[in-house]
Amino acid sequence: MIVKTVSNLDKEAWDNYVLSHPDGIAYQLFAWQEAVKKAYRFQPLYLMAQSKNQVKGVLPLIYFNIPFKRELISLPYCDAGGPLAEDPATETILLRQALKIAPSAKVVIRSTRSFANLSPDKTLCKQKVRMILSLPKSSDKLLNSFKAKLRSQINKAYKNGLTSIIGSTNLLNDFYSVFSENMRDLGSPVHSREWISSILKAYANRAHVSVVYMPNGRPAAAGIILCHPKVVSIPWASSLRRFNTSNPNMMLYWSFLKFAADNGYPEFDFGRSTPAEGTFHFKKQWGAEPEGLHWADFSPTGFLMGNLNRPATEPLTPDHGRIRPLVESVIQRMPLSFSKAFGNMTRKYITL
């Protein structure tokens, strides 16, 4: 077994492995590191295990070398990455190689499952779950499976004259206008427009944008999905509060679910949520069920000894508990142009 650092020449072999693996997800595709490099200038460390010229496992990592923090993260800006291999032994080899290459860096793994023969109890994230919906083979069957109340909420958007379009880079401006305003209203630094553009270009026909429009043509909700043959993931979805009574968010999610079911995708990943909170209940009403996320960070010594620390949600500041509400309130009061500029300066350093 050999482990090598992957270059662009290995892109096809990497993607073929991720796309064919039953536990693969879209975030693990080569496109993620291409977008990170282009938009945020962080460098990748993508490792591939091979035996007899056959790929046996991969581990995508991104270097975060910033003041007071040196980390290798698998993966930043999303719910999960982590090793993907034929067996836990190969996952362990990949992790050991990462620690050998960067011995002074903390390695942060975010995975959809336990990995490298580590105890699931040690890696399971207690604060967050991913919400997964199994899809039938058509949107008609999916719609009929919903409770009457949910179907009524979807129909309300249509009755109110809303329309939706699925596209790609042609919808970037409308997506970003909704996304940036919603993040401002939530008090959260927004990703740069360059980041969203880089994702859409890198993922090409595996990335799709949906925008929901009011009868007057104003964008009211927007989102992005990334597609793997086994599961569709939705990293970003937003709707504008002033249009809530017209149910644009319901049409947005239905447009994606309809697309996924009609195109033969077996599962839809609504993304991470905190159990019992509002977004958890929103996703559960569609029939999604919680599945564990396995997040852990460790040093070389800790990994060898089997001692892991589960990271909490990524802090905006060292004093996360007291400072974050203040930061949120400041962002919410910013003019939209200011909040975009603030996001351009800061969002790349927030790894979740």
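Structure values in brief
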quantity: Residue count, the range 276-307 (criterion: at pLDDT 95 or above, open to solvent by 40 Å² or more (accessible area, probe 1.4 Å) and part of a loop (DSSP other than H, G, I, E, B)); calculated: 1
quantity: Matching residues, the range 70-80, being open to solvent by less than 10 Å² (accessible area, probe 1.4 Å) and either small (G, A, S) or over 20 Å from Y27 (Cβ atoms) (or both); calculated: S74, A80
quantity: Residue ID - surrounded by the fewest Cβ atoms within 10 Å (Cβ to Cβ), chosen from residues in the range 147-164 that are touching a residue at least 12 places away in the same chain (Cβ under 8 Å) and hydrophobic (A, V, I, L, M, F, W, C); calculated: L150
quantity: Failed item, numbered, when R272 is tested on (1) assigned to a helix (DSSP H, G or I); (2) in contact (Cβ under 8 Å) with a residue 60 or more places away in the chain; (3) open to solvent by 10 Å² or more (accessible area, probe 1.4 Å); calculated: (1)
quantity: Any hit, the range 21-32, residues being open to solvent by 70 Å² or more (accessible area, probe 1.4 Å) and either outside any loop (DSSP other than H, G, I, E, B) or not small (G, A, S) (or both); calculated: yes
quantity: Counted residues, the range 34-56 - those being under 17 Å from S111 (Cβ atoms) and either in a helix (DSSP H, G or I) or more than 20 Å from the chain's Cα centre (by Cα) (or both); calculated: 2
quantity: Unmet criterion (only one of (1) touching a strand residue (DSSP E or B) at 6+ places or on another chain (Cβ under 6 Å); (2) part of a strand (DSSP E or B)) for R70; calculated: (1)
quantity: Test result for W14, within 26 Å of R347 (Cα to Cα), in a helix (DSSP H, G or I) and at pLDDT 95 or above; calculated: no
quantity: Selection within the range 8-20 - of a type in the set (S, T, Y) and open to solvent by less than 70 Å² (accessible area, probe 1.4 Å); calculated: Y17
quantity: Selected residue [without any contact (Cβ under 8 Å) to a residue 40 or more places away in the chain and closer than 20 Å to D269 by Cα] from S114, S74, S7, S104; calculated: S74
quantity: Long-range neighbours under 7 Å by Cβ, at least six apart or interchain, first residue at pLDDT below 90 and part of a helix (DSSP H, G or I) within the range 321-341, second open to solvent by less than 70 Å² (accessible area, probe 1.4 Å) and hydrophobic (A, V, I, L, M, F, W, C); calculated: I323/L316; R324/L316; V327/L316
quantity: When residues of the range 181-195 are limited to those that are assigned to a loop (DSSP other than H, G, I, E, B) and surrounded by 22 or more Cβ atoms within 10 Å (Cβ to Cβ), the one nearest to the chain's Cα centre (by Cα); calculated: H191
quantity: Selected residue [over 18 Å from S299 (Cα atoms), in contact with a helix residue (DSSP H, G or I) (Cβ under 6 Å, 6 or more places away or on another chain) and either at pLDDT 95 or above or surrounded by fewer than 20 Cβ atoms within 10 Å (Cβ to Cβ) (or both)] from P67, P44; calculated: P44
quantity: Matching entry among S210, S198, S238, S233 (being open to solvent by less than 10 Å² (accessible area, probe 1.4 Å), out of contact with any strand residue (DSSP E or B) (no Cβ under 8 Å at 6 or more places or on another chain) and not aromatic (F, W, Y)); calculated: S198
quantity: First in the range 170-194 and within 16 Å of M334 (Cβ to Cβ), second anywhere and of a type in the set (D, E), Cβ under 6 Å, 6 or more apart; calculated: G187/E328
quantity: Scan of the range 337-348 for residues that are under 24 Å from the mean Cα position of the chain (by Cα) and either among the acidic types (D, E) or surrounded by fewer than 16 Cβ atoms within 10 Å (Cβ to Cβ) (or both), ordered by number; calculated: A341, M345, T346
quantity: The range 136-146, subset touching a Gly at 6+ places or on another chain (Cβ under 9 Å) and of a type outside the set (S, T, Y), residue most open to solvent (accessible area, probe 1.4 Å); calculated: K137
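The values are calculated or read from the model by the stated rules, or taken from the named source; none is laboratory data. Everything numeric here is computed off the predicted structure, so don't read it as measured data. Cβ atoms come from the backbone with ideal geometry, glycine included; neighbour counts cover every protein chain shown. Note: accessible area is taken over every heavy atom of the protein model, side chains too, but ligands, DNA and RNA are not part of it. Shrake-Rupley method; radii C 1.70, N 1.55, O 1.52, S 1.80 Å.
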